Each structure stands twice: as C-alpha cells, then as structure tokens.
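Only one structure is covered here, and it is reproduced in the block below.
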C-alpha cells in the first residue's frame, strides 16, 4: 500500500473550499449545565515586564478592509516583552519511553455523555459540511445562547474508517481546557448520528482572514503564532499530539483571540507513533517517510503555519496536481524564503522546519522553551497573552449573539431526519457518546 492510500488526508486549499473539520466552533457558557472546571494554566514562567511593544503595523487593517465591506477594528500594538526562566518543563524526546503516570491519565475527562438531546436546541443554520456530517449553529432552549453542534453520520464514519479518530476526538476534547482550544460541552447520539455540542466561535476561520489579507504583517503573524504555541505546549504537557495544524482549524472569537478546533487527528502519544495522517502541506518529513514520530511534528507544523501567514502560501507549495511532488519537496527540505521576511522570523522558521530531529526546535533538551525564548517572540508577555489581556490585531465584525456572517452559506439539509427511531447498527462502536 502506497503513501497516498495509507495517509488519512486533511484538507488545505488556497481557494475558498471548506471542510467540516474546519468548522467546529466555540462560545462562552454551557447550554444548560454550567461547567465549574477552571482552565489548566500551563507552566508559564515569570514575566519580565517592560514597555516594549510589537512594531506597529498600519497596513493590516486597510489590507483586510479593501477586500471586505465590514469595518474591522485593528489594535496597532500587541504586547510587552518577557523572559522565560529555567523552570520551563522540557518535552519528551523521541527515544524516551512511555510512562504509566502520564499527566494525560491524571486529567479526568469531564462528563459529556448524554448531557443533552436535540430537544435542548433549536437548529438555526449550517456552518460547515464534510464527507460524513455537518456543523450547525444552534440556540439553547435553556439559556438562549448560541452553540455549534457537530453532527456525524455513524454509517459514514464507519465507511470512512474514522471510528477511532472520532472517538479519540471526543475523548481529547473532554479532557482539555485551555483558553485557545475549542470547548466541548456535551455529546449524545441517536440510532443514525453522533452529536458534539461545542461553543460557537463567531469570528470565522483564520484561513478566511489570511486569504482576504493575502499575507500578514510580521507582528500579526507573531500574535497568532504565539497563541498557537501556548496551545500546543499545553497539549504536549498532556502527551497529546495535535497533528492537524492549519489556518482552517484556527477560529477567531469575537474578541479576535484564537480557538483551535478539530481534534479528529489528535492522539495521546507518550513516546512515538507511526500513524500516517494530517494535511499534506503541513506534514513533517518523518511522517511522509513513514517513520516513527513524536510531538515535534506539531512544532514543525507551527513553522509551516508561520511561513504561510507571512508569505500567503506554505513553504513547499506546488501547483503540480500530483501530491507526490509536494512530498518530494517536503523531504528535500529546501524552503525558499521571500526576501521581505524578517531575518529573525526566518531564523526561527529554519529551526522549526528542520528535517533533522536532533536539531529541530521543540525536540531538543529544553523542549518548547527553545521556541518561547527565541528572539522573534522576545516582546511577548506570555502570561498576559494566556489571559487574553493583550488586544488582538483584528476584531471580527460581529453584529450580536448568533451572528454567523463570518461563515460561508451552505445548502441546508433535512434536519427532521435527526433523532428518528430505528435500528442502531453501529451504536456499540460509540459507547463514549
């Protein structure tokens, strides 16, 4: 079996095409049952506060507005500086064995099973569609707030051989809690479908903003990359590899801060895994070569994301329709950096996109600390960023609660088919729901 047959492909496009995996969404409170769990703060080091700001960038707002009729607010500066100390925990190396006392196993999953039914919600509109389901904007009958429900057809999940990934996604989302990760409030099922209740993230995808802007100014890319880095570091502290980082899976809240969504490829990996999955443009060389890999593939993907935000296209982009050409470029690992790239950003990208695992940032002795202490991030106040105390560079135009104008329009399906009685052929495979 060749690579293309074995690889579980995620979608990434330079057009406006969408996928259900890029449309999970997030809001503010439980539809009916308030959740008292407080966020797990990462082991963020002490802050050395200063008055230094990110360099001002006045062109970003006009770039967006020139292709968008909305009037969007732009904050010109992003953050004061910080220094990290030596208490930052290092990440496991490729050769390290699994430990039975992993922090992942210490985190008890929040109860999600059977917390809600379809009668708890009014379905408003479709936010996204995919090969085996869709995401709906819904309104709670209990608190009148808006949420997103991801509906997956059981027979299609089985047919597409996505049972393990679907169950894993529910389990991951039930365990994690972080300001930059999508939140799962509950799950339920009927004989035909699985339902995942999540917060509605009204600002749409980072993908859409990037396409409107063509590319981001250096401080804007830095802001989003820093929030992604905090989220990845948190997941890695639980021995979770995300494995599907891309602009389509990064949503923007009404405040402009990110929420990473779609945990379909996320996996608990205390040491090494060999599963071939992900989005082609973002695959690390070791994945393409069917080698064992660890958490460092997420740091490689962060490098791809930063490159794409700064350039408007990923580092190994090719117009050749044959995906093997892309994989050849990934393995060759010779990215061409545009002349307008900031030299410091270019240096970080070289460290993150390193094919040699013994030299890649995130996989060295100091783990993620090498990323956080790099000069490109020197102005970032990590504690303030974690607490969303730093204004985002772009505030989506949101008219009010339930405004879904930042999402594309889709042909609606017959929602009356949801919740119907019948034989539950595949229910035994989804007991966790």
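Within region 113-132, the set of residues being farther than 16 Å from residue 433 by Cα and in contact with a strand residue (DSSP E or B) (Cβ under 9 Å, 6 or more places away or on another chain) comprises 120, 121, 122, 123, 124, 125, 126, 127, 128, 129, 130, 132. Taking the condition in a loop (DSSP other than H, G, I, E, B), on the phi < 0 side of the Ramachandran plot and assigned by the TED database to the domain that holds residue 267, does residue 177 pass? It is false that residue 177 is in a loop (DSSP other than H, G, I, E, B), on the phi < 0 side of the Ramachandran plot and assigned by the TED database to the domain that holds residue 267. State yes or no: is residue 262 in contact with a strand residue (DSSP E or B) (Cβ under 9 Å, 6 or more places away or on another chain) and part of a loop (DSSP other than H, G, I, E, B)? So residue 262 does not fit the description; no.
Let's see how each residue does on (1) at negative phi; (2) out of contact with any helix residue (DSSP H, G or I) (no Cβ under 6 Å at 6 or more places or on another chain); (3) modelled with pLDDT under 95:
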| site | (1), (2), (3) |
| --- | --- |
| 90 | yes, yes, yes |
| 93 | yes, yes, yes |
| 101 | yes, yes, yes |
| 114 | no, yes, yes |
| 117 | yes, yes, yes |
| 121 | yes, yes, no |
| 140 | yes, yes, no |
| 145 | yes, yes, no |
| 154 | yes, yes, no |
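The values are calculated or read from the model by the stated rules, or taken from the named source; none is laboratory data. Keep in mind the model is a prediction, meaning the values are calculated, not measured. When we count neighbours, we look across all protein chains shown, and the Cβ atoms used for this are built from the backbone with ideal geometry, even at glycine.
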